[in-house]
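Trainee: Encoded as structure tokens, here's the structure I'll be asking about.
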Amino acid sequence: MITVHLVLNAHIDPVWLWPWQAGVDEVLATCRSACNRLDRHPDIVFTHGDAWTYHIVERLDPSLFQRIQAHVAAGRWEITGGWWIQPDCNQPTGIGLSRQIQLGKEYFLSRFQAFPRTGFNVDSFGHAASLPRIMRQHGQDRYVMMRPQEHEMDLPARVFRWRGSDCEDAVTTFRIAAAYATVHVAEEHVLASLQDLPPGLSHTMCFIGLGDHGGGPTERQIEWCRAHARSIPGCRLVFSSPSQFFDAVEEEAPELPRVTGELHYHAIGCYSVMRPVKVAMRRAEHQLQQAEITAEIDPRPDPETKLRLKNAWQQVCFNQFHDTLGGSCIPSAYGQILDQLGAATAVADEIIHFSLRRRLTTLPDDAHQRIVLFNASQLEFDGYVILAPWTEEVWKNSWQIVDEAGAVIPYQLMGPEAAAHYRHRVLLRVAIAPRELKTLLIERVVPKRIAPVSFTAVSPSVPMKLTFGATIASIGARPCVTLANDVLLQAELELFEDFTDTWSHSADRLGGQFQDSAQWLDPMLLDDGPLMKSAVQQGVIGQSSLVADWRVYADDPVVELILRVNWHASHQVLKLSFPLKTSLEGHSDGIPGGVLRRRPDGREYPIRDYTWLHFAKRTAIAIICPDVFALDASRKRLRLTLLRSPLMAHHTAPVEAFPRANYADQGVHEFRFQFVAGSTISLPWLERRAAMLQLPPVSADWTKGMEMCSRW
């Protein structure tokens, strides 16, 4: 006899085909309806997670919140999941996902004195291999998911033990059959939950209730469940909850099959659509990390800082919601989404710079103008920074920069950022330990030791070679880079047809018929100094214009590319491709809070920050790409997915049905890449290089102690 645990629930998308305000309304309506059902039916249990939902009810309808608290205390309303929201489980950083769980845990412990063991992400578009470890770090060892569904990924059973790698502890995981929401309950819906159970297990779950715009169980659904409690041969239906199901599984203690690695494929198009939100999310997560660290050095901390940081993280975690970060909401919702992420970033930015400057007021006076750098990171920074100290007068080649011990810091002048005023920027290399404050002095007196500066020139040579040691960027009609041990890497920007919908339903790879490759003009040499050489090249692909800024640095093994794309396309996908002369054995990609080695099977995968290519008889190659969120690889080719242009919120319906719809991601986008090969590469090195791009030192001009005439 199989026990079918009927889980009465309400899946709520706070943002999707409606703005967040409509999500608030659906939360209030759903919770009110659920309380009414519980009052009327003493034998049922209602299940809901998402701390944001309870937070909204508590703020807007205290009496309704008290009803919920009473039902929770009576065991009639089960809190499951417990995270702030049901997020995208591939694209946040590891710290971002940890904050997602931590915020929910703090909320539920403070309001309900409990936090569930069960994670609950039933609509998220796949699940990163690092999730089991992150969950266990926060006390969760059970998980409920649905996607990928049976037609998207074969799993050994509906209930299994999931772990990220062979050396990690597992979480007991249940994959929902058919759907997490139902309009009308039918026998087929229950029968689906009976399929694929592992041997020895006599329990399963079946989810009942309206969604995605909330609603929960209806009177008709509850009546059907009662009427059919014993009507299906071989099973009995009982009103229950996820915790009761998992408790029964533990008590029965069957030998569950094991699954190792990530859970994919569903909605691969969501890795690379609505890029501005993904970039804004990544920036907000990193700025808030820097704000937390900078606040720790504040000698006079603002008493409101902790609360402001918490509220900002709540905004960020709310917008990690899987439809939001996945890029599948209606166009009008994204203005508000970007506003919310921008507001969180602005809070972080203010905390960073106010906290730093309060610390700087404690420094002694100095007659020199100072450049202060603070490494607000957990990792060492050892690389190049570009600074723009305000010196009023034009920077003189005789000036030098020295550290606190008086050692000269080599620097190179770069052209201005703004055309309105010729204000030099300064490129220099610094090494700063985690949380270290470093002070540099600008010496304006003609020194005995003259630091090297740049010489700007224009060269007509094609292809143009930028060289430092064994690192060469060859810029021409087909740009390529030569790295350590003469490793050659050709870069090809390619355009393909892409008629998949916003989610790319029923697809595991992107890029149909080839459309175009980039056409490049002759490069222009911009910087030719002792620390950095650069060349800029303009181009076009399809209807989109391109600007590529190639750079090589002294005593640095990377070739850097800053690519700007003014994207104007429809139903196309843009990929940066790298043909490989040696067969690729595998690629290790960054994932939230970790790294995962994958097979080069041609399918689309989400990535975080970098990919590391492994060959049997060739030096390994790594590409650091913090602004790219997806790739595909085969034995003979790697392709980074840069941009897609489906119709926004297009869900498998015919394209002709949307004459007023918007194409995604039109406009200017900027990408940063660093290419490296050889023994330099290691996982700690890749993590540090990615952090250096995304968590650069915080800088400030400091003139305390200078005579006015020294500066003006």
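The values are calculated or read from the model by the stated rules, or taken from the named source; none is laboratory data. Computed from a predicted model, the values in this text were never measured in an experiment. No Cβ is skipped: glycine too gets one built from the backbone with ideal geometry, and neighbour counts run over all protein chains shown. Please note that ligands, DNA and RNA were not included when accessible areas were found on the heavy atoms of the full protein model with its side chains. Shrake-Rupley method; radii C 1.70, N 1.55, O 1.52, S 1.80 Å.
Trainee: Only one of the values [x] 27.7; [y] 25.8; [z] 29.3 was calculated from this structure for Kirkwood radius over Cα pairs in Å; name its label.
Mentor: Given [x] 27.7; [y] 25.8; [z] 29.3, the calculated one carries the label [x].
Trainee: At 222 nm, what helix-only mean residue ellipticity would the chain give, in deg cm²/dmol to the nearest 500, using -39500 (n - 2.57) for each DSSP H run of four or more? Please list the in-between numbers first.
Mentor: On the way: 14 runs with 180 residues, N = 712.
Result for the chain: -8000 deg cm²/dmol, rounded to the nearest 500.
Trainee: Once R0 is set to 25 Å, what does the formula 1/(1 + (r/R0)^6) return for the Cβ-Cβ distance between Arg672 and Arg425, expressed as a FRET efficiency to the nearest 0.05? Don't skip to the end; give the middle numbers.
Mentor: On the way: r = 17 Å, r/R0 = 0.68.
Once rounded, the FRET efficiency stands at 0.90.
Trainee: Still on this structure, please answer the following. Could you compute how much accessible surface Lys438 exposes when probed at 1.4 Å, giving the result in Å² to the nearest 10?
Mentor: Its heavy atoms expose roughly 40 Å² to the probe.
Trainee: When only the heavy atoms of the protein chains count and the probe is 1.4 Å, how do Asp302, Asp13 rank by accessible area, highest first?
Mentor: Details: Asp302 60, Asp13 0 Å².
Final ranking, largest accessible area leading: Asp302, Asp13.
Trainee: Something else now. Kindly provide the pair-distance distribution of region 80-130 built from C-alpha pairs, with 10 Å bins from 0 and whole-percent values in order of increasing distance.
Mentor: The distribution over region 80-130 is 27, 55, 18, 1, given as percents.
Trainee: If you place +1 on the Cβ of every Lys and Arg, -1 on the Cβ of every Asp and Glu, and leave all else neutral, what size is the dipole of the chain about its Cα centre, to the nearest 20 Debye?
Mentor: Numbers: 70 positive and 80 negative charges, 187 e Å.
My answer is approximately 900 debye.
Trainee: I'd like the chymotrypsin sites (Phe, Trp or Tyr not before Pro) in region 387-421 restricted to DSSP loop residues with at most 14 other Cβ atoms within 10 Å, sorted by number. Don't skip to the end; give the middle numbers.
Mentor: Details: sites: Trp390, Trp395, Trp399, Tyr411; in loops: Trp390, Trp395, Trp399.
Passing both the DSSP loop test and the Cβ count: Trp390.
Trainee: Say the cut-off is 24 Å between C-alpha atoms; which of Lys575/Lys636; Lys396/Lys533; Lys105/Lys310; Lys105/Lys306; Lys396/Lys465; Lys396/Lys704 go over it? Mind showing how you got there, number by number?
Mentor: On the way: Lys575/Lys636 15 Å; Lys396/Lys533 20 Å; Lys105/Lys310 13 Å; Lys105/Lys306 17 Å; Lys396/Lys465 29 Å; Lys396/Lys704 22 Å.
Correct reply: Lys396/Lys465.
Trainee: Using DSSP to call loops (not H, G, I, E or B), can you name the trypsin sites (Lys or Arg not before Pro) in region 69-136 whose Cβ has at most 14 other Cβ atoms within 10 angstrom?
Mentor: On the way: sites: Arg76, Arg99, Lys105, Arg111, Arg117, Arg133, Arg136; in loops: Arg76, Arg117.
Here no loop site has a sparse enough neighbourhood.
Trainee: Please check which bits of region 356-388 a label hung off Met706 would reach, taking the label as a point 7 Å along Cα-to-C-beta and the cut-off as backbone N under 14 Å.
Mentor: 365-372, 388
Trainee: Another question, then. Hey, could you get me the Stokes-Einstein D for region 549-588, Kirkwood radius over alpha-carbon pairs, 10 °C and 1.306 mPa s, rounded to whole µm² s⁻¹? Please list the in-between numbers first.
Mentor: On the way: Rh = 14.1 Å.
In µm²/s, the coefficient is 113.
Trainee: Next up: Compute the accessible area per residue over the chain, keeping the other protein chains in place, probe 1.4 Å, unit Å².
Mentor: Working: 27400 Å² over 712 residues.
Per residue, the chain has an accessible area of 38 Å².
Trainee: Based on the Cβ-Cβ distance from Glu393 to Asp298, what FRET efficiency comes out when R0 is 30 Å, to the nearest 0.05? Could the numbers behind the result be given before it?
Mentor: Working: r = 33 Å, r/R0 = 1.11.
According to the calculation, E is roughly 0.35.
Trainee: A further question on this structure: At 1.4 Å probe size, what's the solvent-accessible area of His568? Round to the nearest 10 Å².
Mentor: Number for this one is 90 Å².
Trainee: While we're here: Could you give the distance between the Cα centres of region 210-225 and region 1-69, to the whole Å?
Mentor: 12
Trainee: With a 1.4 Å probe and all protein chains kept in place, how much accessible area does Ile293 have, in Å² rounded to the nearest 10?
Mentor: 10
Trainee: Using a 1.4 angstrom probe on heavy atoms only, work out the carbon and sulfur share of the accessible area of the chain in %. Before the final figure, lay out each step's value.
Mentor: Values: 14400 of 27400 Å².
Using a 1.4 Å probe with all protein chains present, the chain comes out at 53 percent carbon and sulfur.
Trainee: Okay, moving on. For the chain, what's the relative contact order in percent, using C-alpha pairs closer than 8 Å and at least 6 residues apart? Before the final figure, lay out the partial values.
Mentor: Working: 1702 pairs, mean separation 96.3, N = 712.
Once divided by the residue count of the chain, the mean separation gives 14 percent.
Trainee: Sort Arg230, Arg444 by heavy-atom solvent-accessible area, probe 1.4 angstrom, most to least.
Mentor: On the way: Arg230 155, Arg444 50 Å².
I get Arg230, Arg444, largest accessible area first.
Trainee: First measure r as the distance between the Cβ atoms of Leu17 and Asp339, then evaluate 1/(1 + (r/R0)^6) with R0 = 25 Å and state the FRET efficiency to the nearest 0.05. Numbers along the way, then the final one.
Mentor: Details: r = 19 Å, r/R0 = 0.77.
FRET efficiency, Leu17 to Asp339: 0.85.
Trainee: So, one more: If you average the C-alpha positions of region 618-635 and of region 112-163 separately, how far apart do those two centres end up, in angstrom?
Mentor: Value for the Cα centre distance between the two parts: 27 Å.
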